[in-house]
1. Any of K62/K98; K90/K141; K42/K155; K60/K147; K38/K62; K98/K119 with alpha carbons more than 24 Å apart? Name them for me.
2. How would you order 65-78, 145-158 from highest to lowest mean count of nearby Cβ atoms within 10 Å?
3. Which one, N163, I149, G108, projects farthest toward the positive side of the charge dipole computed for the chain from Cβ point charges (K/R +1, D/E -1)?
4. Can you give the relative contact order of the chain as a percent, counting alpha carbon pairs under 8 Å and 6+ residues apart?
5. Using a 7 Å offset from the Cα along the Cα-to-Cβ direction at both S25 and K141, what is the distance between the two label points in nm, to one decimal?
6. Report which label in [x] 65; [y] 51; [z] 61 holds the value of percent of Cα pairs over 19 Å apart derived from the coordinates of this structure.
7. If I stretch the segment between E32 and D129 completely, what's the gain in nm (0.36 nm per residue apart, minus their alpha carbon distance), one decimal?
Amino acid sequence: MDKEEPKITEENLDSIELNQNNNNSIQNLEYEINIDEKNYYKIISTSSEIINEENIELLKMKDVEGIIINENSRILITSDNAIYNIISHKTNFKENVKIKYLDNTISGENLILDFEEKKITISDNIIYDGLNGTLFADKIKIDLVSKNINILMDKPNEEVIVNLKK
């Protein structure tokens, strides 16, 4: 007896496409989002997997590139891995994270891009390389609206290390 094909309806279309091979993986994913009238976000990965955690659909991504574009700037974020929330667009980039903005590069191991709070937080082994020098810190927070940057250490008795270029 032949296996009956599932009936495709608007309600079950996504699940049928995902389950045809019992595989939730997506190759070469590109996701584009208009955050608001001034901000655009694009995230690309070579390999992604849809996971459901506490009734929230997330994309577990590998070899990731995120681009934030607004009327005055462009920020490029790359990492080995990321977790992307399909509803809020909050993205946690992990491992070998790099941010490129104008002539500045920030590297670290963990970055949280949060559009609801309009901020980027990068932590763990931070190296900031800019036109004027190199800086080492525990955490950097970037306000996406004002573009203000806070550079922090986790322990109050530690200091940010700055090496100026001559």
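Each reported figure results from applying straightforward, stated rules to the coordinates on display, with no laboratory input. Not measured: the values here are computed from a predicted model. Please note: Cβ atoms are built from the backbone with ideal geometry, for glycine as well, and neighbour counts cover all protein chains shown.
1. K42/K155; K60/K147; K38/K62
2. In decreasing order of mean packing, 65-78, 145-158 become 65-78, 145-158.
3. The Cα lying farthest towards the positive end belongs to N163.
4. Result for the chain is 11 percent.
5. 3.9 nm
6. Only one option fits the structure, namely [z].
7. Difference between extended and current length: 32.1 nm.
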